[in-house]
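The values are calculated or read from the model by the stated rules, or taken from the named source; none is laboratory data. Given the structure is predicted, the values throughout are model-derived calculations rather than measurements. Here the Cβ positions follow ideal geometry from the backbone for every residue, glycine too, while neighbour counts run over all protein chains shown. To get the accessible areas, we keep the full protein, side chains included, count just its heavy atoms, and leave off ligands, DNA and RNA. Shrake-Rupley method; radii C 1.70, N 1.55, O 1.52, S 1.80 Å.
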Amino acid sequence: MALAVLAGFAVPGTAAAHPFGDPQTVAVGLGDDRPDVVRVRWRVGGSDDLTLLGVSLGILPQDRVMLDGAVFYRDTDAAAIAPAPAFAKYLLERITVQTNRQACPGVLQPIDDLAKRGVTIDYTCPGPVGTASVAVRTLTDLHPAYQTLATGPDGQRTVYRQGADSHDWPLGDSPATVPASGSSAAIQLGAVVAGVLVAIAVVWLVGRRMRRRRAPA
């Protein structure tokens, strides 16, 4: 069981046992052939978590959650939740993307199998993405112990949790930063070369004066 270190703590409430099961996951990357699109795939951890979310959003009936916190998942739950506008609204509010402090609007892609494959959301940003700030707050509104295991390109990993719900992901090179970086490097190199030339000139002048003083009158 994931989060086994927390399993010994008894937390009262409807979702008492569920945060300590399989964690939800998120995969972050760029869209296919779209350097301005950040793609996020979200997958719920356990099927009972999905049912609990459906009940909290008013998509599933309240009697699916018992007074003792037991949740009864049915195979039809995912099919009922996937097309619900409340579910799409929830994900777009709880998973957000920013680049250069500007929000990137998200659009849910068609959902094939919510329980097994999750949901893919494409966020279109103002321009090519260098580093994206991705926030994930799903399920923590149901219980603060929920965590999300996240992965990104080149083996990047992080864990989202309450109090640490945002992370900066280096995803690509922004063309706007390349000329600035190159110009800066060129300026610095030019300054070094100029400094060396000045030093050589000073040494030459000093040497010339010394030779003049030593020359016989």
Legend entry - Residues listed by number, the range 22-55, amide nitrogen under 13 Å from ALA86 label point at 7 Å toward C-beta: 51-55
Legend entry - Simple label model, 7 Å out from Cα along Cβ direction - ASN100 to PHE72, nm: 5.4
Inset, instruction - First select every other residue whose beta carbon is under 13 angstrom from the beta carbon of ARG117; then total the charges, Lys and Arg +1, Asp and Glu -1. - result: +1
Inset, instruction - Please work out, to two decimal places, the log10 of the ratio I(q)/I(0) at q = 0.15, 0.27, 0.30 Å⁻¹ from a Debye calculation in which every Cα of the range 70-117 carries one identical scatterer. - result: -0.52, -1.08, -1.18
Inset, instruction - With a cut-off of at most 13 other beta carbons within 10 Å, and DSSP calling the residue loop, which trypsin sites (Lys or Arg not before Pro) in the range 47-116 qualify? Please list them. - result: ARG74, ARG101
Inset, instruction - Would you tally the net charge around ARG94, using a Cβ to Cβ cut-off of less than 15 Å, leaving ARG94 out, and scoring K and R as +1, D and E as -1? - result: +1
Inset, instruction - Could you provide, to the nearest whole Å², the per residue accessible area of the range 42-102 with probe 1.4 Å? - result: 54
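Would you tally the net charge around ARG64, using a Cβ to Cβ cut-off of less than 9 Å, leaving ARG64 out, and scoring K and R as +1, D and E as -1?
That works out to -1.
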